[in-house]
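Read-outs: derived from the displayed coordinates by stated rules, not from any lab. Fair warning: this is a prediction, and the values are worked out from it, not measured in the lab. Don't worry about glycine lacking a Cβ; one is built from the backbone with ideal geometry, like all the others, and counts go over all protein chains shown.
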Amino acid sequence: MIRLKHILLTLSLLEFAIGFSNYRPTTFFYLGPPVGAILLGLFLVAQLLEKESALLDEQNRAAAQPRNEPIRTSAPSRNSRNEVATHPVPTLAQIH
């Protein structure tokens, strides 16, 4: 991801330099500023998503590792709070 960011930034600056130069023999040089702006936008998006992609990679690595600990299941507790939260009873609202 870091390499892609540097490539996008370098290409963006190169396109801006080509686009704003005084030497314009072909239409390629007229495409410099728009293409540079698009590449700069892609660089900024990659910059914003860098931490999220690192977090996703870490989560995927953690999920791929085998776990040696047994899965513990506890008996569900039967208190009124759980029952209300999981099995609500539809009632009419009371007018006060």
Before anything else, pin down the relative contact order of the stretch 2-64: Cα pairs under 8 Å, at least 6 apart, normalised by residue count, whole percent. 36
Would you work out the charge dipole size for the stretch 2-64 about its Cα centre, treating the Cβ of every Lys and Arg as +1 and the Cβ of every Asp and Glu as -1, and quote it to the nearest 20 debye? 160
In nm, the gap between the two label points placed 7 Å beyond Cα toward Cβ at residue 23 and residue 4 is 3.3
Highest mean first, how do 32-45, 10-23 rank when packing is the count of other Cβ atoms within 10 Å averaged over residues? 32-45, 10-23
